[in-house]
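Visitor: Can you keep this structure in mind? I'll have questions shortly.
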Amino acid sequence: MSKGTIKKVSGPLVVAEGMHDANMFDVVRVSRQRLIGEIIEMHGDQASIQVYEETSGLGPGEPVESTGTPLSAELGPGLIGSIFDGIQRPLVEIMKATGTNLQRGIEIPALDREKKWHFVPTVEAGTEVEGGDIIGTVRETEIVTQKIMVPVGMKGKIISIAEGDYTVVDTVAVLEKDDKTTENLTLMQKWPVRQGRPYRQKLSPDQPMVTGQRIIDTLFPIAKGGVAAIPGPFGSGKTVVQHQLAKWAEADIVVYIGCGERGNEMTDVLNEFPELKDPKTGKSLMERTVLIANTSDMPVAAREASIYVGITIAEYFRDMGYSVALMADSTSRWAEALREMSGRLEEMPGEEGYPAYLASRLAQFYERAGRVISLGKEGREGSVSAIGAVSPPGGDISEPVSQATLRIVKVFWGLDANLAYRRHFPAINWLTSYSLYDLNKWFNANVNSNWSTMKARMMKLLNDEAELDEIVKLVGMDALSAPDRLKLEAARSIREDYLHQDAFHEVDTYTSLDKQYLMMDLVLQFYDVSLENLNKLNIDDLVKLPVRERIGRFKYVTKDKMQKEYEEILMQLKTEIQELVQKEGA
């Protein structure tokens, strides 16, 4: 264990000398207050340390002690439903120990050492196992069963294993390795957060992660194991979109990282999630959620670690065969922590003061997402889908964090302040957003063979509307031909009846893929039937058809009445058009 003394203190950066045996990324305890930090640079026996706590009051000559281990996450029962800070300290336990004011240097393990969990073995003594194999299960919440895996890199024969109630540090099984030495296996394992957990094979992203948000699923879908970015200015609804995805996305586990966001936003999450009913099970959403709360008033440096801790926890559940949705809110605040440390280290700044390695650090984070086959003999399929919010100042996405993110991610949901001010939710701009995942084949096979055709037609109408809008602004609506006016009406219907969604309405907050298809079909059927009869009918009469109100309200129809209502609307559309034709003919 290496010991040294403080030479210099510069905000969250502490330089210590005499650290002969220390290594890069070792966790260190700084000063007599034992503040937690991590070595980020070594020059001879001088170590530059990123301190994850407030450093005021520290001075030269105080002791620094290396623990000899990298910053690691504790992985095991007790993660689900917990609230951690950026370096995986349990905030609820700290509050019990210290009151509401966070004390510096406090040492409380991430996972409760006293609580007992009921372990049920799935293998018997004498079984040959390797890293990634499941040796038993622990029921963590009513929704989540944790699978206890052999740590990566271990191989041998189980010589004893027993069912019972254990704490996370008790031995549940004994493994005899090939060299005849034994290893005690516990419910908990540790993993260095800056290193991705290994897997056997990465799969191509060809299945969508269904979110129930129409603009996302229909126009800009994200694949399971995919990566997406939500950039947008203040007040455009990034956090609400992420809450919606956390609630409704097709994921078994949600890891939500509040990375440097304002305290009130994390408070909303903490208040909202326990009360929210998980749509799949009817239980509290917290029973499948891990929260990492690292708000803007906590030390800046801890933000940098928070997304690594979050993705390590996500990978751990992925290795069990779960589908995990990871929300990082927001990576801009994380990049600010990088910029702060880079400035303190007196590195050559890149664009706008951010470090030159900003893009590669972002890429390292996002590339840990993916759909994989895990290690172990049976190999389970699991996925981590990463969705990062970006908060560019003033919504200007030409700044470095947004640009570096866009070069990496495959899905861009660009939020638009104008749409947000018009109360259009989600305020995702359909003209600037995109998804590079080609999922049409899956949608055509699993929902309806016309899915991709209808999606393309809707996008064409929305693009045509943008062009026609320019003409209308110049010369007015009257200058447009009847087919063009009909196009504008159809596009308005797509915007208001289809893309606009009410996050707080019990039916409209989530739309199944089958219902999305029927809604698309109704909007396009109205357009097609009207276009067919445009030479016989007046455009003003078509626009005012009573059936249009019913098409608009179809989004509020419950699942059991959906098919019946759809058929009735089509009948009404036919009838009303026929009546108009007869009236005109008369």
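The values are calculated or read from the model by the stated rules, or taken from the named source; none is laboratory data. The model shown is predicted, which means the values in this text are computed figures rather than measured ones. Glycine also receives a Cβ, built like all others from the backbone with ideal geometry; neighbour counts cover every protein chain displayed. Calculation scope for accessible area: heavy atoms of the full protein, side chains included, ligands and nucleic acids excluded. Shrake-Rupley method; radii C 1.70, N 1.55, O 1.52, S 1.80 Å.
Visitor: Can you give the Rg to Rh ratio of the stretch 55-185, both from alpha-carbon atoms, with Rh computed by the Kirkwood formula?
Guide: On the way: Rg = 18.4 Å, Rh = 17.3 Å.
Reported Rg/Rh (Cα atoms, Kirkwood Rh): 1.07.
Visitor: Which value results for Rg/Rh of the stretch 502-576 when Rg is the Cα radius of gyration and Rh the Kirkwood radius based on the inverse mean 1/r?
Guide: For the stretch 502-576, the value is 1.02.
Visitor: Between helix 562-585 and the chain, what is the angle of the helix's C-alpha long axis to the longest principal axis, kept within 0 to 90° and rounded to the nearest 10?
Guide: Approximately 30 degrees, to the nearest ten.
Visitor: Right, another one. In whole Å, what is the distance between the alpha-carbon centres of the stretch 374-432 and the stretch 485-510?
Guide: If you average the Cα positions of each part, the centres end up 22 Å apart.
Visitor: Sum up the charges of everything whose Cβ sits under 13 Å from the Cβ of Tyr199, counting Lys and Arg as +1 and Asp and Glu as -1, but leave Tyr199 out.
Guide: The answer is +3.
Visitor: Relative contact order, percent, of the stretch 1-63 when contacts are C-alpha pairs under 8 Å separated by at least 6 residues? Numbers along the way, then the final one.
Guide: Details: 143 pairs, mean separation 24.3, N = 63.
Once normalised by length, the contact order is 39 percent.
Visitor: Can you list residues whose amide H is under 5 Å from Ala223's amide H, if they're 5+ apart or on another chain and H is modeled 1.01 Å from N?
Guide: Those qualifying (amide H under 5 Å, at least 5 residues apart or on another chain) are Met209.
Visitor: Shifting gears a bit: So how tilted is helix 301-319 from the main axis of the chain? Cα-based, degrees 0 to 90, rounded to 10.
Guide: 80 degrees
Visitor: Could I ask something else about it? Divide the volume of the convex hull of the Cα atoms of the stretch 402-531 by its number of residues and quote the answer in cubic angstrom per residue. Spell out each step's value before the answer.
Guide: Details: hull volume 17.7 nm³, N = 130.
Residue-normalised Cα hull volume stands at 136 Å³.
Visitor: With +1 assigned to the C-beta of every Lys and Arg and -1 to the C-beta of every Asp and Glu, and no other charges, what is the dipole magnitude of the stretch 363-419 about the Cα centre in debye, to the nearest 20? Intermediate values should be presented prior to the final figure.
Guide: Values: 6 positive and 6 negative charges, 69 e Å.
The dipole of the stretch 363-419 has a size of about 340 debye.
Visitor: Here's another thing I want to ask about it. Leaving out same-chain residues fewer than 8 places away, which lysines sit with a Cα under 21 Å from that of Lys410?
Guide: Lys202, Lys224, Lys238, Lys441, Lys455
Visitor: Then there is this: Mind listing the long-range amide H neighbours of Thr145? Cut-off is under 5 Å, sequence gap 5 or more, other chains count too, H placed in the peptide plane at 1.01 Å from N.
Guide: Glu140
Visitor: Can I ask one more? Excluding residues on the same chain fewer than 8 positions from Lys96, give the aspartates and glutamates whose Cα lies under 16 Å from its Cα.
Guide: Within the straight-line limit of under 16 Å, Lys96 reaches these aspartates and glutamates: Asp85, Glu107, Asp112, Glu114.
Visitor: For the stretch 483-525, what number results from the quotient of the Cα radius of gyration and 2.2 N^0.38 Å?
Guide: Here the answer is 1.28, to two decimals.
Visitor: In whole Å, what is the distance between the alpha-carbon centres of the stretch 314-353 and the stretch 435-449?
Guide: Here the answer is 32 Å between Cα centres.
Visitor: Quick one: length gained pulling Lys190 to Leu436 fully straight, 0.36 nm per residue minus the C-alpha distance?
Guide: Residue separation times 0.36 nm, minus the Cα-Cα distance, leaves 85.0 nm.
Visitor: Quick check: at a probe of 1.4 Å, how many percent of the accessible area of the chain sits on carbon and sulfur atoms?
Guide: The value for the chain is 49 percent carbon and sulfur by accessible area.
Visitor: Specify the angular offset, from 0 to 90 degrees and rounded to the nearest 10, of the alpha carbon long axis of helix 331-344 from the longest principal axis of the alpha carbons in the chain.
Guide: With rounding to tens, the tilt is 40 degrees.
Visitor: Quick check for me: using +1 on Lys/Arg Cβ and -1 on Asp/Glu Cβ, what's the dipole size of the chain about its Cα centre, in debye to the nearest 20? Mind dumping the intermediate values first?
Guide: Values: 67 positive and 85 negative charges, 81 e Å.
Charge dipole, the chain, about its Cα centre: 380 debye, nearest 20.
Visitor: Moving to a separate point now. Classify the stretch 79-120 from the C-alpha gyration tensor, please: rounded if a/c falls under 1.5, else prolate or oblate depending on whether a/b exceeds b/c.
Guide: Note, shape of the stretch 79-120 comes out prolate.
Visitor: How big is the stretch 327-447 on each of its three principal axes, counting only the C-alpha atoms and giving the largest first in Å?
Guide: Projected onto its principal axes, the Cα set of the stretch 327-447 covers 53, 50, 19 Å.
Visitor: Also, I was wondering about something else. Over its Cα atoms, what ratio of radius of gyration to 2.2 N^0.38 Å does the stretch 462-549 give?
Guide: 1.21
Visitor: For the stretch 329-477, what's the relative contact order in percent, using C-alpha pairs closer than 8 Å and at least 6 residues apart?
Guide: Working: 127 pairs, mean separation 24.3, N = 149.
Rounded, it is 16 percent for the stretch 329-477.
Visitor: Please report the relative contact order for the stretch 286-396, taking Cα pairs under 8 Å with a sequence separation of at least 6, and give it as a percent rounded to a whole number.
Guide: Rounded, it is 34 percent for the stretch 286-396.
Visitor: Next up: Could you tell me, in Å, what Rg and Dmax come out for the Cα atoms of the stretch 253-348?
Guide: Reported Rg and Dmax, both Å: 15.1, 53.
Visitor: Provide the per residue accessible area, probe 1.4 Å, for the chain, rounded to a whole number of square angstrom.
Guide: Working: 24760 Å² over 586 residues.
The answer is 42 Å² per residue.
Visitor: Below 10 angstrom from the Cβ of Leu358, what's the summed charge of the other residues (Lys, Arg +1; Asp, Glu -1)?
Guide: 0
Visitor: Now for a separate question. So which lysines pass the test for Lys536, namely a Cα distance under 24 Å, with those fewer than 8 places away in the same chain ruled out?
Guide: Leaving aside lysines fewer than 8 places away in the same chain, those within reach of Lys536 are Lys487, Lys544, Lys574, Lys583.
Visitor: Still on this structure: Say the dipole of the chain comes from +1 at the beta carbon of Lys and Arg and -1 at that of Asp and Glu; which of Ile387, Ile39, Ala301 then lies farthest toward its positive end?
Guide: Going by the charge dipole, the pick is Ile387.
Visitor: Let me ask you something else. Alpha carbons only, please: Rg and Dmax for the stretch 302-376, in angstrom.
Guide: Every Cα atom of the stretch 302-376 included, Rg and Dmax give 14.7, 46 Å.
Visitor: Can you compute the FRET efficiency between Thr453 and Arg422 using 1/(1 + (r/R0)^6), with r the Cβ-Cβ distance and R0 = 41 Å? Round to the nearest 0.05.
Guide: With R0 = 41 Å, the Cβ-Cβ based efficiency is 0.90.
Visitor: Oh, and also: Restricted to Cα positions, what overall size does the stretch 1-77 have along the principal axes? Three whole-Å values, descending.
Guide: 41, 26, 18
Visitor: Identify, among Ile87, Gln50, Pro60, the residue whose Cα sits farthest towards the positive end of the charge dipole of the stretch 36-92, taking +1 on the Cβ of Lys and Arg and -1 on the Cβ of Asp and Glu, with the dipole about the Cα centre.
Guide: Ile87
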